[in-house]
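A.B. asks: Dropping a structure here in structure tokens format, bear with me for questions.
The values are calculated or read from the model by the stated rules, or taken from the named source; none is laboratory data. Quantities reported herein were computed from a predicted structural model and do not represent experimental measurements. With ideal geometry, Cβ positions are generated from the backbone for all residues, glycine too; neighbour counts draw on all protein chains shown. Areas reflect the complete protein model, heavy atoms only, side chains present, ligands, DNA and RNA absent. Shrake-Rupley method; radii C 1.70, N 1.55, O 1.52, S 1.80 Å.
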Amino acid sequence: ELGKKYNDSNLIIMHAGGGVTVGAHVKGKIVDVNNGLDGDGPFTPQRSGGVPAGGLAKMCFSGDYTPDDIKMKLSRRGGLRAYLGTSDIVTIKKFINGEPLPDEHNLRVDELTPEQTRETLEAMCYQISKEIGALAAAMKGKVDAIVLTGGVMYDNELCVPWIKERVSWIAPILVYPGGDEMRALRDAAERVLSKKEIPQDYES
């Protein structure tokens with residue numbers, strides 16, 4: 001779409017699924033990225049994102065939680081799930097729009113209003129936008145495009161427009177909804193097997 005090869009481009013690539021990662025891709029290399037798995041960066045459908053260290057330390061040493069409890073709060077039961085009871089964007093949007101909800105759902109309809117739910121979803125997109133902006137600064141503004149991927153980006157009604165509104169001044173925005181990780185791994189293996197690329201060794 002840009003008329004350039006990936007290895008010649010400067011890109012900020014954001015993937016929003018259960019977690020959110022935002023990476024700075026400079027001429028074919030990922031030079032910076034948040035640790036989305038362990039809670040760094042924006043809060044997500046299932047992850048807490050960055051939280052105040054003092055409060056987290058107090059919780060860890062309170063005696064009320066095991067290490068596994070804390071890990072689950074950070075990586076599986078945080079974010080939208082903690083705030084709203086569910087990480088399912090489709091269910092969340094149905095509630096916001098006043099549409100019938102699925103028979104089985106965990107959304108806290110007795111505790112939340114549609115407006116509160118909308119604000120929570122927008123807050124997630126606000127934090128994603130901040131992470132994109134931080135990488136734009138790290139890249140000194142030399143950004144050819146911002147690429148939005150992941151399942152959350154199927155939401156063209158709220159999430160995509162909210163992010164575009166805040167970061168479209170940085171660079172053109174390309175939206176590729178869904179997760180293509182397995183296809184990308186297959187394609188990479190195919191390039192190595194066909195001798196088009198040399199495999200790289202990554203040390204743990």
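A.B. asks: Would you mind working out the accessible area per residue for the chain, using a 1.4 Å probe, and quoting it in Å²?
C.D. replies: Per-residue accessible area for the chain comes out at 62 Å².
A.B. asks: Any chance you could list P(r) for region 75-131, counting all Cα-Cα pairs in 10 angstrom bins from zero, rounded to whole %?
C.D. replies: Result, from short to long distances: 23, 57, 18, 2 percent.
A.B. asks: Out of Phe61, Phe43, Phe95, any idea which swings most in a Gaussian network model of the chain, alpha carbons joined below 10 Å?
C.D. replies: Among Phe61, Phe43, Phe95, the largest GNM mean-square fluctuation belongs to Phe61.
A.B. asks: Please give, to one decimal in nm, the separation of the simple spin-label points placed at Gln200 and Arg108, each 7 Å out from Cα toward the Cβ.
C.D. replies: So the label points at Gln200 and Arg108 sit 4.2 nm apart.
A.B. asks: While we're on this one: What do you get for Rg/Rh of region 46-180 when both radii come from the Cα atoms and Rh is the Kirkwood radius?
C.D. replies: Value, to two decimals: 1.02.
A.B. asks: Normalising by the residue count of the chain, find the relative contact order in percent from Cα pairs under 8 Å and 6+ residues apart.
C.D. replies: The normalised contact order for the chain reaches 20 percent.
A.B. asks: Let me ask something else about it. Please list, in order, the residues from region 178-193 whose amide nitrogen is less than 12 Å from a point placed 7 Å along the Cα→Cβ vector of Asn7.
C.D. replies: none
A.B. asks: Connecting C-alpha atoms closer than 10 Å in a GNM of the chain, tell me which of Asp187, Asp32, Asp69 has the biggest fluctuation.
C.D. replies: Between Asp187, Asp32, Asp69, it is Asp187 that shows the largest mean-square fluctuation.
A.B. asks: Next question, about the same structure. Evaluate the relative contact order of region 92-198 (contact order divided by residue number), counting alpha-carbon pairs under 8 angstrom at least 6 apart; express in whole percent.
C.D. replies: Details: 82 pairs, mean separation 25.3, N = 107.
After rounding, I find 24 percent.
A.B. asks: Round to a whole angstrom and tell me the spacing of the C-alpha centers of region 142-164 and region 1-60.
C.D. replies: Each part reduced to its Cα centre gives a spacing of 14 Å.
A.B. asks: Which value at 222 nm does the chain reach when only helices count, each DSSP H run of 4 or more adding -39,500 (n - 2.57), with the total divided by all residues and rounded to the nearest 500 deg cm²/dmol? Intermediate values should be presented prior to the final figure.
C.D. replies: Details: 7 runs with 78 residues, N = 204.
Helices in the chain give a 222 nm mean residue ellipticity of -11500 deg cm²/dmol.
A.B. asks: Around Phe43, which amide H atoms from residues at least 5 apart in sequence, or from another chain, sit under 5 Å from its own amide H, with H modelled in the peptide plane?
C.D. replies: Result for Phe43 returns Gly50.
A.B. asks: Let me ask something additional. Lys142 versus Ala189, label points 7 Å from Cα toward the beta carbon: distance in nm?
C.D. replies: Calculated label separation equals 3.6 nm.
A.B. asks: Also, quick follow-up: How large, in percent, is the carbon and sulfur part of the accessible surface of the chain at a probe radius of 1.4 Å? Could you put the intermediate results ahead of the total?
C.D. replies: Values: 6450 of 12640 Å².
So the carbon and sulfur contribution to the accessible surface is 51 percent.
A.B. asks: Which sequence of Glu1, Glu99 reflects their accessible areas, 1.4 Å probe, from the largest down?
C.D. replies: Largest accessible area first, the list is Glu1, Glu99.
A.B. asks: Still on this model: Simple spin-label model, 7 Å along Cα-to-Cβ: Val90 to Val31 in nm?
C.D. replies: Each label point is offset 7 Å from its Cα along the Cβ direction, giving 4.0 nm.
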